[in-house]
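In what follows, a single structure is set out as structure tokens and then discussed.
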Amino acid sequence: MSTASSTVDMKGSVRLYPIYRTKLGEAIFPGDNVFTLELRGFFNELLAVHFEEGGLPGVEAFGASLAKFTPRSIDEAPVEWKDTVLKRWIHEQRPFLAQSMYDYLVLGGYQARVEVQTALLDEMLAAGLEIEGVQQLREQLAFAGDWHAALLSLGLKGRPMGIRFLAGGVADRGPIKQALSKAGFTRAQSASFLAGI
């Protein structure tokens with residue numbers, strides 16, 4: 001009695017994608033179920049692409065980037081799955097991402113905070129303060145929990161990140177002090193910031 005054996009030749013490929021982590025992503029999509037982890041990963045990838053392309057923080061800017069964004073894992077999905085995962089992205093995941101961003105960023109007060117930060121930095125620049133790494137600074141403040149403390153810290157320790165405040169062109173520090181006060185900084189915080197530049 002003879003036995004016949006057969007072998008199946010299976011070939012496949014594995015694709016590895018970078019994992020992005022942001023505090024904002026964790027805040028908007030807390031939890032560890034599979035659906036939440038996937039959405040958080042997509043959102044964090046969106047932020048990475050957004051800032052790599054020079055985008056500014058803010059709901060409108062994020063929304064514009066989201067409208068043209070497709071996660072790499074979906075864009076590079078195998079042909080046999082591509083249609084299914086792309087439809088799911090367009091009709092389910094992207095709308096859910098957009099709504100979650102709106103709920104947190106607009107209804108949760110994030111957008112108003114970014115507007116205050118933008119106004120502060122614009123007024124500082126108008127007063128003659130030179131800010132090296134201003135784009136990096138905007139990103140750091142946008143995602144900081146206590147952004148007032150973050151600005152003070154970056155004023156002292158921001159050089160390794162390319163952030164530096166240079167007051168050589170400032171004739172009168174009054175407008176900077178006033179801008180800090182308008183942005184909610186205490187007198188002590190304002191004095192600390194001004195002493196460090």
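The values are calculated or read from the model by the stated rules, or taken from the named source; none is laboratory data. Predicted, not measured: the structure shown is a model, and the values here were computed from it. Cβ sites come from the backbone with ideal geometry, for glycine too, and all protein chains shown count toward neighbours. What goes into the accessible areas is simple: the full protein's heavy atoms, side chains included, and nothing from ligands, DNA or RNA. Shrake-Rupley method; radii C 1.70, N 1.55, O 1.52, S 1.80 Å.
Does ALA188 satisfy the criteria of being exposed (fewer than 12 other Cβ atoms within 10 Å of the Cβ), closer than 26 Å to ALA61 by Cβ, modelled with pLDDT of 90 or more and more than 23 Å from the chain's Cα centre (by Cα)?
no
What is the number of the single condition among (1) open to solvent by less than 70 Å² (accessible area, probe 1.4 Å); (2) touching a residue at least 40 places away in the same chain (Cβ under 8 Å); (3) at negative phi that ALA98 does not meet?
Tallying (1) open to solvent by less than 70 Å² (accessible area, probe 1.4 Å); (2) touching a residue at least 40 places away in the same chain (Cβ under 8 Å); (3) at negative phi, ALA98 fails exactly one: (2).
Please determine whether any residue of the stretch 45-53 is at pLDDT below 90, open to solvent by 70 Å² or more (accessible area, probe 1.4 Å) and assigned to a helix (DSSP H, G or I).
There is no residue in the stretch 45-53 that is at pLDDT below 90, open to solvent by 70 Å² or more (accessible area, probe 1.4 Å) and assigned to a helix (DSSP H, G or I).
Given the conditions (1) modelled with pLDDT of 90 or more; (2) open to solvent by less than 50 Å² (accessible area, probe 1.4 Å); (3) closer than 28 Å to GLN140 by Cα, which single one is not true for GLY58?
(1)
Could you check, for the stretch 163-172, whether at least one of its residues is within 20 Å of GLN117 (Cβ to Cβ) and small (Gly, Ala, Ser)?
Yes; the residues of the stretch 163-172 include at least one that is within 20 Å of GLN117 (Cβ to Cβ) and small (Gly, Ala, Ser).
Is at least one residue of the stretch 126-141 free of Cβ contacts under 8 Å to residues at least 12 places away in the same chain, surrounded by fewer than 19 Cβ atoms within 10 Å (Cβ to Cβ) and closer than 16 Å to PRO57 by Cα?
Looking through the stretch 126-141, none of the residues is free of Cβ contacts under 8 Å to residues at least 12 places away in the same chain, surrounded by fewer than 19 Cβ atoms within 10 Å (Cβ to Cβ) and closer than 16 Å to PRO57 by Cα.
Based on what the data block shows, is GLY168 assigned to a loop (DSSP other than H, G, I, E, B), open to solvent by 60 Å² or more (accessible area, probe 1.4 Å) and touching a residue at least 60 places away in the same chain (Cβ under 8 Å)?
no
Of all residues in the stretch 142-164, which are in a loop (DSSP other than H, G, I, E, B) and either open to solvent by less than 20 Å² (accessible area, probe 1.4 Å) or in contact with an Asp or Glu (Cβ under 7 Å, 6 or more places away or on another chain) (or both)?
Hits for the stretch 142-164 are ALA144, GLY158, GLY162, ILE163.
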